[in-house]
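Quick notes on the structure that follows.
The values are calculated or read from the model by the stated rules, or taken from the named source; none is laboratory data. Computed from a predicted model, the values in this text were never measured in an experiment. Neighbour counts are summed over all protein chains in view; Cβ atoms, including those assigned to glycine, are modelled from backbone coordinates with ideal geometry.
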Amino acid sequence: MDERPLDLRALDPDPGRWGAFVNATMARVDDALLLRRQDPLALIAGWRRPVLAAAAALLLVLLPVEVVLERRETRAETVRGLVAASTAWAQEGRAPTGAELLRAMDVGGMP
């Protein structure tokens, strides 16, 4: 193993040429930034399309989720209504009629 550090000075750029390159690049960047300067309202108005696209994507995800959750809630209400009606019928010691079963399943309503 050689403990001496490698001499990489041959890879160093020419200082004059490199300085000119950096200065020219910075001048182009400054010109581009001057052209892009906007007042705050114009800057916020530029966000309109990305914000609308994000909102549309969010709606496309949330609407089906809402529909699924609403269906699950409706089924749970029906089951709660049937449980309540069945408990009442069992306490009374009688069997329900078909009409009473349908009413109990209709949004959890009791007979």
Listed by first then second residue, the pairs whose first member lies in the stretch 38-58 and is of a type outside the set (Gly, Ala, Ser), whose partner is in a helix (DSSP H, G or I), with beta carbons under 9 Å and at least 6 positions apart or on separate chains, are 38/45
Out of 13, 5, 96, sole residue that is out of contact with any His (no Cβ under 8 Å at 6 or more places or on another chain), surrounded by 11 or more Cβ atoms within 10 Å (Cβ to Cβ) and in a loop (DSSP other than H, G, I, E, B):
96
Can you go through 99, 54 and tell me which one is of a type outside the set (D, E, K, R) and over 23 Å from the mean Cα position of the chain (by Cα)?
99
Determine which member of the set 52, 33 is assigned to a helix (DSSP H, G or I) and at pLDDT 85 or above.
52
